[in-house]
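Enquirer: Once you've had a glance at the structure underneath, I'll fire off some questions.
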Amino acid sequence: MDFKEKSISRKRFIKKALLAVLTIEVFWLLGRFFGFHKGKKRTDKLFDAGSIQSFEKGKFYFYRSQGFCLYCLDDGGFLAMDLKCTHLGCKVNFDRESQRFICPCHSSAFNAMGEVLSSPAYRPLDLYVVMLEDNRLKVDLSKAVKRSDFNIKQIFYHS
Amino acid sequence: MLNSIKRFLLHLHPPRVEINAIKLNRTFGLGGMSVFLVSLLALTGILLRFVYVPDAEKAYRSIELLNHFNSAGRLIRNIHYWSATILCLFSVLHLLRVLFSQAIYFERKKNWYYGLVLMFLVFAFCFTGYLLPWDQVSYWAVTVVANVLRYFPVIGDALASFLLDGRFVSEHSLLRFYHLHTGVLPVLLFMVLSIHIWLVRKAKGVAIPQEQKGQLVNTSPHLVYKELVALLILIIAITTLSIFFNAPLSTPANLDRVPEIITAPWYFAGMQELLLHIHPLVGGILLPIAFLIFLIVVPKMGLDEVKVGVWFNGSRQLKKLYALALIFSVLLTVLLVVLSDAIIKDSFNVIWGTVFMVSVYFVTVSGFLIFLLRNLNRSMLSISMIVFVLFTGSYITLTIIGLLRDAQII
């Protein structure tokens with residue numbers, strides 16, 4: 001009898017120990033899953049777009065491999081926009097005639113400022129922060145800034 | 001050895017079967033042909049695995065090489081493609097068949113659930129296999145689906161990143177999809193499929209009406225003969241398709257640029273069309289979940305009226321109602337799509353458009369149901385079937401509209 005009782009309690013001990021380990025494991029997995037642990041932090045990506053004198057007013061400059069475009073406005077301001085459609089992540093194409101960004105996947109359309117002209121997208125194209133360093137335009141690609149509408153503050157003016 | 005294989009195959013069937021269970025219009029052989037397609041897919045998949053390289057740099061090239069230099073390589077890839085396409089079609093038809101011939105109730109309820117799991121696995125196979133050629137179409141189609149997942153409340157981002165192994169579709173995603181497609185999913189499919197087949201036998205075979213029971217014939221040759229004929233027809237059909245129509249392969253994936261025209265595979269065309277008009281959270285997540293819950297509840301509804309094995313519950317009135325519901329859902333869907341294209345898309349935000357269209361749809365559908373229920377006995381069974389017809393009718397209409405749009409007819 002003594003032996004039997006002991007064996008049951010050992011069994012229970014092992015069961016509980018396993019359960020405890022499993023619980024820790026599950027929490028650890030959940031933590032990783034929801035990104036509580038910060039893995040490789042992306043280093044600041046300051047992209048050098050070129051000398052400020054090299055941009056013509058009223059023109060779009062595309063940096064396809066970086067996934068963004070730089071719009072040099074008629075008044076000399078700059079707007080850096082992510083080319084990823086805010087609907088489902090396809091890369092938008094630019095139609096020069098109508099000055100629109102058009103997404104080939106679900107035909108959302110955006111105007112030159114990135115505002116939605118035609119659904120299913122409902123958020124304007126994301127922005128990147130533009131800054132001037134040593135007379136060269138730098139675009140901060142580390143974070144795409146989400147916006148709900150266009151306002152004049154989003155345009156970067158130098159001097 | 002051979003003898004035991006033969007015995008095993010024969011043991012998939014009982015020694016004697018009901019004569020009415022093996023008539024063509026009982027099952028149309030859809031389940032059996034699907035099993036055969038799965039084995040054909042396994043066989044061609046194993047062969048394709050000899051040449052395919054799951055690497056972003058080499059994947060596309062390996063398929064080009066397969067197409068041009070391996071003996072019968074193109075044919076094997078085509079057979080894999082066409083078998084998968086037909087499997088998708090047959091699984092859906094199989095689902096419709098068991099539902100409308102009332103073979104999902106009582107002891108078959110459990111098997112209906114295993115069938116739903118199998119359906120999910122088939123679509124998971126299609127989705128993961130779609131990325132493997134690493135061409136433009138597959139790359140952007142997977143990007144779109146992964147971004148739909150992101151709209152899932154709270155865990156969306158984590159889910160998408162888990163699936164893709166990163167923030168966007170990359171070579172890591174390719175490896176992950178390859179392993180899912182050729183390692184994880186086949187094992188799961190094999191297990192669930194075995195249970196699915198075993199449960200059919202446990203339920204004493206195909207569901208047939210009580211009054212048709214009692215006439216037994218020997219499985220071999222009666223059933224085996226029919227099965228062999230069905231398999232032969234299927235093999236001939238797939239081989240013919242594979243000889244004359246190649247599996248699609250567009251230009252290599254370009255991560256910076258989407259082609260001007262991009263289309264979803266036909267089994268996702270309805271979903272693509274839906275996402276054109278309504279918000280991804282609703283169209284891509286909430287509605288599919290609602291439909292799934294409905295499918296889970298269906299075999300529990302109206303049990304007292306079930307006539308197992310009777311097509312459409314036998315009554316003429318109900319058949320008419322199904323037809324009416326189908327026509328109604330088709331018209332309503334077409335109307336909403338036209339309305340959305342003409343007015344809503346350019347003048348309203350998609351959120352308001354979604355609220356408008358979803359409420360119009362559900363109010364109209366409820367009105368239709370109430371109208372029907374006033375004119376017939378309120379039975380849970382007929383309600384559940386009519387709701388199913390309405391939803392399915394709408395989705396099929398969306399698929400057809402999507403395909404027409406892809407073909408640039410509209």
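Enquirer: Residues that are within 24 Å of residue B:166 (Cβ to Cβ), touching a Cys at 6+ places or on another chain (Cβ under 9 Å), of a type outside the set (D, E, K, R) and in contact (Cβ under 8 Å) with a residue 40 or more places away in the chain: does the range A:53-60 have at least one?
Expert: no
Enquirer: Here is a further query. Filter the range B:254-285 down to the residues that are of a type in the set (Val, Ile, Thr), facing chain A (nearest Cβ under 8 Å) and closer than 24 Å to residue B:156 by Cβ and list them by number.
Expert: Within the range B:254-285, B:258, B:262, B:278 meet the criteria.
Enquirer: Counting only residues that are within 10 Å of another protein chain (Cβ to nearest Cβ) and farther than 17 Å from residue A:92 by Cα, how many does the range B:131-145 have?
Expert: 0
Enquirer: (1) surrounded by 13 or more Cβ atoms within 10 Å (Cβ to Cβ); (2) over 22 Å from the mean Cα position of the chain (by Cα); (3) under 23 Å from residue B:118 (Cα atoms): which one isn't true of residue B:216, the others all being true?
Expert: Of everything listed in (1) surrounded by 13 or more Cβ atoms within 10 Å (Cβ to Cβ); (2) over 22 Å from the mean Cα position of the chain (by Cα); (3) under 23 Å from residue B:118 (Cα atoms), residue B:216 misses just condition (3).
Enquirer: What do you reckon, is residue B:242 surrounded by fewer than 20 Cβ atoms within 10 Å (Cβ to Cβ) and of a type in the set (S, T, N, Q)?
Expert: no
Enquirer: With respect to residue B:149, is the statement that it is at pLDDT 90 or above and more than 11 Å from chain A (Cβ to nearest Cβ) true?
Expert: No; evaluated as a whole, the condition is false for this residue.
Enquirer: List the strands (runs of 3 or more DSSP E) inside the range A:87-159, counting only whole elements, that have at least 3 residues being more than 12 Å from chain B (Cβ to nearest Cβ).
Expert: Passing ranges, in order: A:127-133, A:136-145.
Enquirer: Let me ask you something else. In the range B:219-227, is there at least one residue being in the same structural domain as residue B:74 (by TED's automatic domain parsing), closer than 22 Å to residue B:66 by Cα, surrounded by 15 or more Cβ atoms within 10 Å (Cβ to Cβ) and touching a residue at least 24 places away in the same chain (Cβ under 8 Å)?
Expert: The answer is no, given that none of the residues of the range B:219-227 is in the same structural domain as residue B:74 (by TED's automatic domain parsing), closer than 22 Å to residue B:66 by Cα, surrounded by 15 or more Cβ atoms within 10 Å (Cβ to Cβ) and touching a residue at least 24 places away in the same chain (Cβ under 8 Å).
Enquirer: Of all residues being crowded, with 22+ Cβ neighbours inside 10 Å and in contact with a helix residue (DSSP H, G or I) (Cβ under 8 Å, 6 or more places away or on another chain) in the range A:52-88, which is nearest to residue B:147 (Cα to Cα)? Just the residue, please.
Expert: A:88
The values are calculated or read from the model by the stated rules, or taken from the named source; none is laboratory data. Just so it is clear, the structure is predicted and the values come from calculations on it, not from any experiment. Note that each Cβ is placed from the backbone with ideal geometry, even for glycine, and that neighbours are counted across all protein chains shown.
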